[in-house]
Amino acid sequence: MNVIYKNIRQEWTRLSTACIGLLCMAQSVIAADVKHQDERSAEPTDLLDSMHHIKAVVVTAKTAGREVVPAQHIDARQLEKLGTQSVADALRYFGGLQIKDYGGVGGVKTVNIRSMGTNHLGVFYDGVELGNAQNGQIDLGQLSLDNVEEISLYNAQKSAIFQSAADFTKAGSVYIRTRTPRLDSVRTRHFKARMKYGASDLLQGSLLYEQRLSASLAASISAGALTSSGKYRFRYRRKNSDGTVAYDTTAVRQNGDIWAWRAEANLFGKLTEGSWTAKLYSYNSERGIPGAIVNNVWRRGERQWDHNHFVQASAHQRLLPRLMTKLMAKYAYYDTRYVNRDTTKMMIDNSYMQQELYFSWANLYELSEQWTASFCYDYRWNFLDADIQGFSSPTRHAHSFALATALTLDRLSMQGSLAASIVDDREGHPRELAPAIIAQYTPFDSRLLTLRCFAKKSFRMPTFNDLYYTEVGNARLKPETALQYDAGLTLAKSIQRGWLREFSLQTDVYYNSVHNKIVAYPKGEQFRWTMLNLGKVHITGVDMQAMAAFQPMRTLRVETRLQYTWQKAIDVTDPQQSFYRDQIPYIPTHSGSAVVNVSCGAWELNYSFIYAGERYSQQENIPVNHLQPWYTSDLAVAYQLTLKPVLLRMALQVNNLFSQDYDVILNYPMPKRNAALTLTVEW
């Protein structure tokens, strides 16, 4: 080990003797462009500064992006067309993801990447990871889309190596980017208000205000509120093992009400050769937990209160012509109260308080125009307390280090990284290494076709919930590790003339091997879980995404998006078990989505279709655990009217158009056909 460490140190010392030319070249190009614009334009200087800022962002994306593994993206314009309610709803259109949705507006919504589990997927909000050491479940239903500019999904890791160490340790990452104000000396403020009314007595409103404070400083304030009774009609139909009907009735979902409000304030600053941001976020809610419908019981007495607050800041700056550094810091406080007044079970009224402190330092050094290297370090402190007598109040210190390098030649791009994690808690001091290597090759000068592959190892520690909770915790759980292998291609082309304006086809074939896999099952109550180590799971899959845009007329544009996933995720722990080589719970073999958007002048029509094939609710793939495939169709019509300087947008959305009866999770029925009307005012 000492020899390896010595070799790594010597290699790092040797690499750090050269310079980053590509970013320097981009900087010189921008500087020359700025000078040229200053000589030829008579516009005010501060307006020119904002124009130069926009150009700099574009150039930086081209140089620093270096995307060896392409991401799946949905921007703000597409999100508005889809009419999605939350981040979880938007992620349903990404390939390789499985969403666990417990129904209704207030139902918990978690996401799983390529069957490796929620904890292997990092969720980053403006570059800083959203953490939850308590149970590792990030409820994406709590994240609003009102102030989101773009959502991106990366398998393995983000291609740009100028990032935090947390990015290198994840098997996949979702990046949520907040809208950045686009203001100048002429347009110094921007205001947007939205109101939505729909089924289940849904009433949702949001406000966004952006203000230019100076040539180098802007601010935004976003706030929103949501209320709903959570009541919706559903059909409950179950069969016995012999095929006879056990239950078949229509009822109204109860105890699914929710009220929630959030507030977010952002500052955006420019430095001489860098930028900084600061964010203050607060989310507060009270919701009923309708629970599973079992033994013909429709009503539950569970309720939950969430108060989540965090403050975070980040800054990146060029220290030397060849060196850039980035600092990020965050403090979060989460307060959750869970109450169960079900008289048939033990009465529960408990509060859980979680604190998190996070610090990240990343450095990028360019050895040449084609060769860059980075070093980053993360520290994370977590503490969990509860008002339960004898609660263990666990504390965890986690350190992560990462070394990475990227090489870009004419047609070949390569990236390698080595991340190390050291976790300190009462269960010991586990240490893990997470190496990764990624390559991309462009065989033709036209850049029409690109080929890629990657191999990576990642791991995750059991959460506090996994290890310590009464009735839930399992102190014998082992850390979970995953090996990922992927090979794929992308075919993409933009066309200036004709009906077909652009198209792309992306295909990936992958194999994942997960050891000591930890799986959480609802234990009759949605808040409490049963934790198990399945041992070994082998996952083989194919992801396919296709996009095409047509413009038969100047005012008519048609955009289509297709996504398909085939996946075989089998338990290979013990050949003596009855479920050996069976598909693991809730992973469909076939799944996919389709989106068609038609825009004609001020009108827009959007149709989306989501399909999930047959799957099983338990480890054994037997008829009693079999779940039927489900599909939904959503339709939205929007009209946009411009009355300068005011822009009005009205949208009517119908979800589950054909009133499909389905469960994403067994005994948690989803809403039948429902509609919503949205009005947006912007100036």
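The values are calculated or read from the model by the stated rules, or taken from the named source; none is laboratory data. Only a predicted model underlies this, so the values are computations on that prediction, with no experimental measurement involved. Reconstructed Cβ throughout: ideal geometry from the backbone, glycine too, with neighbour counts over all protein chains shown. Each accessible area value is taken on the protein alone, full model and side chains, heavy atoms only, with ligands, DNA and RNA left out. Shrake-Rupley method; radii C 1.70, N 1.55, O 1.52, S 1.80 Å.
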(request) Restricting attention to the stretch 493-527, report how many residues are surrounded by fewer than 20 Cβ atoms within 10 Å (Cβ to Cβ) and modelled with pLDDT under 60. (result) 5
(request) Any chance you could count how many residues in the stretch 76-118 are within 17 Å of ILE176 (Cα to Cα), of a type in the set (S, T, N, Q) and over 12 Å from the mean Cα position of the chain (by Cα)? (result) 3
(request) Report yes if some residue within the stretch 173-180 is open to solvent by 40 Å² or more (accessible area, probe 1.4 Å) and either within 13 Å of the chain's Cα centre (by Cα) or free of Cβ contacts under 8 Å to residues at least 24 places away in the same chain (or both); otherwise report no. (result) yes
(request) Please enumerate the residues belonging to the stretch 90-115 that are assigned to a loop (DSSP other than H, G, I, E, B) and within 23 Å of ALA199 (Cβ to Cβ). (result) ARG92, TYR93, TYR102, GLY103, GLY104, VAL105, GLY106, GLY107, VAL108
(message) Quick check on my filter: what residues within the stretch 73-89 are touching a residue at least 60 places away in the same chain (Cβ under 8 Å), open to solvent by less than 20 Å² (accessible area, probe 1.4 Å) and either assigned to a strand (DSSP E or B) or within 15 Å of SER173 (Cα to Cα) (or both)?
(response) ILE74, VAL87
(request) Scan the stretch 134-155 and give yes if some residue there is touching a Gly at 6+ places or on another chain (Cβ under 6 Å), among the small types (Gly, Ala, Ser), open to solvent by less than 20 Å² (accessible area, probe 1.4 Å) and more than 26 Å from MET414 (Cβ to Cβ), otherwise no. (result) no
(request) Scan the stretch 572-613 residue by residue and report those that are of a type in the set (Val, Ile, Thr) and either touching a helix residue (DSSP H, G or I) at 6+ places or on another chain (Cβ under 7 Å) or closer than 30 Å to LYS81 by Cβ (or both). (result) ILE587, THR589, VAL595, VAL596, VAL598, ILE610
(request) For the stretch 147-159, indicate whether the set of residues that are of a type outside the set (Ser, Thr, Tyr), touching a helix residue (DSSP H, G or I) at 6+ places or on another chain (Cβ under 7 Å), under 25 Å from ILE289 (Cα atoms) and touching a residue at least 12 places away in the same chain (Cβ under 8 Å) is non-empty. (result) no
(message) Return the pair list, or none, for Cβ contacts closer than 7 Å from residues in the stretch 614-637 that are of a type in the set (Val, Ile, Thr) to residues that are open to solvent by less than 40 Å² (accessible area, probe 1.4 Å) and in a loop (DSSP other than H, G, I, E, B), at least 6 apart or on different chains.
(response) THR632/ASN656; THR632/GLN660
(request) Go through (1) among the polar types (S, T, N, Q); (2) farther than 30 Å from LEU319 by Cβ; (3) in contact (Cβ under 8 Å) with a residue 12 or more places away in the chain and name the single condition THR277 misses. (result) (2)
(message) Against the condition under 25 Å from GLN204 (Cβ atoms), among the aliphatic types (A, V, I, L, M) and in contact (Cβ under 8 Å) with a residue 24 or more places away in the chain, how does ALA260 come out, does it pass?
(response) yes
(message) Here are the criteria: (1) open to solvent by 20 Å² or more (accessible area, probe 1.4 Å); (2) closer than 25 Å to PRO669 by Cα; (3) at pLDDT 90 or above. Tell me which single one VAL595 does not satisfy.
(response) (1)
(request) Keeping to the stretch 222-246, report how many residues are touching a residue at least 12 places away in the same chain (Cβ under 8 Å) and in a strand (DSSP E or B). (result) 12
(message) Just the residues that are free of Cβ contacts under 8 Å to residues at least 12 places away in the same chain, open to solvent by less than 60 Å² (accessible area, probe 1.4 Å) and farther than 18 Å from GLY131 by Cα, please, taken from the stretch 392-429.
(response) GLY428
(request) Kindly list the number of the only condition in (1) over 26 Å from VAL108 (Cα atoms); (2) touching a strand residue (DSSP E or B) at 6+ places or on another chain (Cβ under 7 Å); (3) open to solvent by 20 Å² or more (accessible area, probe 1.4 Å); (4) modelled with pLDDT under 95 that fails for VAL542. (result) (4)
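Conditions tested, residue by residue: (1) more than 30 Å from LEU652 (Cβ to Cβ); (2) in contact (Cβ under 8 Å) with a residue 12 or more places away in the chain.
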site	(1), (2)
GLN563	no, yes
LYS568	yes, yes
ASP571	yes, yes
PRO575	yes, no
SER591	no, yes
VAL596	no, yes
SER599	no, yes
(message) Which pairs turn up if I take residues in the stretch 659-676 that are more than 10 Å from ALA292 (Cβ to Cβ) and of a type in the set (D, E, K, R) and look for partners that are open to solvent by 30 Å² or more (accessible area, probe 1.4 Å) and not in a loop (DSSP other than H, G, I, E, B) with beta carbon separation below 6 Å, at least 6 apart in sequence or on another chain?
(response) ASP661/ARG235; LYS672/ARG233
(message) Can you find, within the stretch 364-380, the residue that is farthest from the chain's Cα centre (by Cα) among those that are open to solvent by less than 10 Å² (accessible area, probe 1.4 Å) and among the small types (Gly, Ala, Ser)?
(response) ALA373
(message) Taking the criterion of being aromatic (Phe, Trp, Tyr) and open to solvent by less than 40 Å² (accessible area, probe 1.4 Å), would at least one residue in the stretch 634-641 satisfy it?
(response) no
(message) Which count do you get for residues in the stretch 182-215 that are in contact with a Leu (Cβ under 9 Å, 6 or more places away or on another chain), open to solvent by 50 Å² or more (accessible area, probe 1.4 Å) and either part of a strand (DSSP E or B) or at pLDDT 95 or above (or both)?
(response) 7
(request) Please verify whether the stretch 209-218 includes one or more residues that are in contact (Cβ under 8 Å) with a residue 60 or more places away in the chain and touching a His at 6+ places or on another chain (Cβ under 9 Å). (result) no
